[in-house]
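Written below as structure tokens is the structure these notes are about.
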Amino acid sequence: MRVMHNKIFTIIIVAVFLAFTIVFDTLPRSTYSELEKRELKTFPEYSFDKLKDGSFMEEISSWFSDSEPYRDRFMALSMYVKDGLGVALSDDNVKFHASDTPAGGSGNMAGNESGELAIGEYKNDLTADENAKIANAGIIVVGSGDNVRALMAFGGGAKGGVSYANVANAYKKAFGSKVNVYCMVIPTAVEFYCPDKAKSCTRPQLPVIKNIFAHLDDGVKPVDIYTTLGQHAAEDIYLRTDHHWAPLGAYYAAKKFAEVAKVPFRDLSHYTKKTVRNYVGSMYGYSKDISIKKAPEDFVYYVPNGLKYTTTYINYTIDKNYHVTGEGKPFKSSFFFHFKDGNGGAYCTFMGSDTRITVVRTPVKNGRRVMVIKDSFGNPIPGFLFYSFEEVHVIDFRYFKKNMKAYVNNNKITDILFACNIFNAYSGVVSRNCTRFLTQDGRIIVPAEKTERSDVAADTLKKEKPVRDVPVKHEAVLTERKDTTKKR
């Protein structure tokens with residue numbers, strides 16, 4: 001009997017081994033992970049030097065494991081297993097996944113109260129008593145069923161973010177009274193929806209925002225959206241399954257900015273509501289928690305009604321290390337790109353990509369032209385400003401290569417808004433890049449050596465798959481105000 005059991009066991013092991021061999025060695029390789037929102041590794045290019053130093057075989061090994069057939073399905077299966085292995089941490093019912101590590105940090109840090117702007121404190125009455133579990137990368141998963149929400153923990157201290165204030169101050173000094181400069185810090189969802197029981201796994205963002213505003217020079221105008229968002233936290237202002245906020249949150253932020261900038265603003269009755277159903281965003285891949293996939297949401301955005309405007313793009317090409325390697329010619333296209341239901345890339349609805357300069361010309365005639373310097377959190381904001389400014393210029397702090405002084409002067413910019421999420425505001429990367437914009441000569445120089453990307457913000461954990469440009473005739477629209485900087 002024992003011999004029979006051993007034979008059966010051996011047959012099962014061999015069958016499983018053969019099955020995996022067939023799957024991994026003969027079926028088509030995966031090329032894109034919808035779960036991780038990234039292109040998977042491709043087969044490496046051969047060279048004798050790479051073969052000699054051993055890197056070629058290492059790259060083959062990396063490609064083989066990264067592009068396995070049915071990659072997302074196997075990862076989802078792994079998540080089901082991990083979810084079953086979750087263990088309760090304490091009487092607070094904060095559950096940690098068996099193989100994951102929670103984010104460190106102590107909560108309830110004192111804020112810098114020296115700023116003149118009175119920012120309203122927020123009391124969480126929505127999810128304060130809900131249970132939570134800590135998933136991959138310290139992500140806090142709140143609630144259950146269709147209402148589950150994933151939150152990215154914040155680890156910054158109360159004295160951080162000064163460099164973000166300093167770059168706004170530098171721009172005000174560079175452009176003087178001719179240009180209004182505004183500073184907006186976008187808080188993330190964890191600030192409003194983290195249960196009290198999980199507060200020790202993240203740090204408060206309000207002290208950092210207060211500290212940033214306290215370091216702004218008198219000429220720079222703070223835009224307090226923390227209070228505004230807190231007042232609307234019961235609405236769908238943040239996405240449950242994505243690390244970004246929802247377009248509705250950006251609407252309230254744009255409204256507050258228009259109020260500070262003293263420009264007209266239209267409410268949502270002047271917009272058409274569009275919906276992408278069954279949306280599952282980036283937090284499924286980041287948290288590796290199956291409950292996120294099982295709780296898709298509606299991605300809702302708003303398109304202005306009956307407004308004749310034109311959108312012009314200049315695309316940057318980037319290499320695998322996110323370095324800009326080239327610049328395209330200006331061309332017209334759509335500002336909004338509609339995605340099919342269930343598409344995980346729906347946040348790219350606005351402008352389709354981060355790696356470009358966007359210029360929107362509207363029928364408004366008030367002499368005001370705004371530049372929005374943003375990260376991906378800032379992408380939905382410009383779409384709510386078409387009734388407020390003659391022109392809306394949008395640049396991403398990671399990819400701008402022109403000389404900023406020349407660009408502002410040539411395009412007669414009257415207002416500059418810094419609109420980045422608190423991770424980027426805290427990190428210092430925005431400050432370093434935007435300070436360089438003031439002096440760079442506009443040439444594109446590709447680094448000779450491979451370097452790692454320096455962004456540490458929530459919106460740069462994974463690169464989103466860009467939307468393909470709508471085929472249109474290229475037109476040199478921006479030549480109305482020629483940029484005098486040199487181009488390579």
Scan the range 137-188 for residues that are in contact (Cβ under 8 Å) with a residue 60 or more places away in the chain, over 15 Å from Lys221 (Cα atoms) and part of a loop (DSSP other than H, G, I, E, B) and jot them down.
Ile139, Ser144, Val148, Met152, Phe154, Gly156, Gly160, Gly161, Pro187, Thr188
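Take the residues of the range 332-355 that are among the polar types (S, T, N, Q) and in a loop (DSSP other than H, G, I, E, B): which is farthest from Tyr399 (Cα to Cα)?
Looking at the filtered set, the residue picked out is Asn343.
So which helices (runs of 4 or more DSSP H) are wholly in the range 231-308 and hold at least 2 residues that are under 17 Å from Phe377 (Cβ atoms)?
247-261, 283-287
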Test Lys465 against the stated conditions and say whether it is at pLDDT below 70, assigned to a loop (DSSP other than H, G, I, E, B) and open to solvent by 20 Å² or more (accessible area, probe 1.4 Å).
yes
So, in the range 154-201, of the ones that are closer than 25 Å to Glu259 by Cα and among the charged types (D, E, K, R), which residue ends up surrounded by the fewest Cβ atoms within 10 Å (Cβ to Cβ)?
Lys178
Pick out the one residue from Val260, Val276 that is modelled with pLDDT of 95 or more, aliphatic (A, V, I, L, M), touching a Phe, Trp or Tyr at 6+ places or on another chain (Cβ under 9 Å) and crowded, with 21+ Cβ neighbours inside 10 Å.
Val276
Please tell me if Arg203 is touching a strand residue (DSSP E or B) at 6+ places or on another chain (Cβ under 7 Å), closer than 27 Å to Asn131 by Cα and in a loop (DSSP other than H, G, I, E, B).
no
Just to check your reading of the model, which residue among Ser376, Ser388, Ser333 is at pLDDT 95 or above, hydroxyl-bearing (Ser, Thr, Tyr) and surrounded by fewer than 21 Cβ atoms within 10 Å (Cβ to Cβ)?
Ser333
Report yes if Val208 is of a type outside the set (S, T, N, Q) and within 21 Å of Ala261 (Cβ to Cβ), otherwise no.
no
Filtering the range 356-395 down to residues that are more than 20 Å from Phe337 (Cα to Cα) and in a loop (DSSP other than H, G, I, E, B) yields Pro363, Val364, Lys365, Asn366, Gly367, Arg368, Ser388, Phe389, Glu390
Considering only the range 432-454, state which residues are closer than 26 Å to Phe389 by Cβ and either outside any helix (DSSP H, G or I) or at pLDDT below 95 (or both).
Leu438, Gln440, Gly442
Considering residues of the range 285-330 that are modelled with pLDDT under 90 and among the hydroxyl-bearing types (Ser, Thr, Tyr) only, the residue least open to solvent (accessible area, probe 1.4 Å):
Ser287
Positions within the range 336-352 being open to solvent by less than 50 Å² (accessible area, probe 1.4 Å) and either of a type in the set (Asp, Glu) or at positive phi (or both), in sequence order
Gly342, Met351, Gly352
Identify, by number, the condition in (1) under 23 Å from the mean Cα position of the chain (by Cα); (2) open to solvent by less than 10 Å² (accessible area, probe 1.4 Å) that Pro204 doesn't meet.
(2)
Listed by first then second residue, the pairs whose first member lies in the range 325-336 and is more than 22 Å from Pro380 (Cα to Cα), whose partner is surrounded by fewer than 15 Cβ atoms within 10 Å (Cβ to Cβ) and among the small types (Gly, Ala, Ser), with beta carbons under 8 Å and at least 6 positions apart or on separate chains, are Lys329/Ala476
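For the range 315-324, how many residues are outside any strand (DSSP E or B) and in contact (Cβ under 8 Å) with a residue 40 or more places away in the chain?
Of the residues in that region, 4 qualify.
The values are calculated or read from the model by the stated rules, or taken from the named source; none is laboratory data. As the structure is a computational prediction, the values presented were derived from the model and not from experiment. Note that we place each Cβ from the backbone using ideal geometry, even for glycine, and neighbour counts take in every protein chain shown. When the accessible area is computed, the model is the full protein with side chains, heavy atoms only, and any ligands, DNA or RNA have been set aside. Shrake-Rupley method; radii C 1.70, N 1.55, O 1.52, S 1.80 Å.
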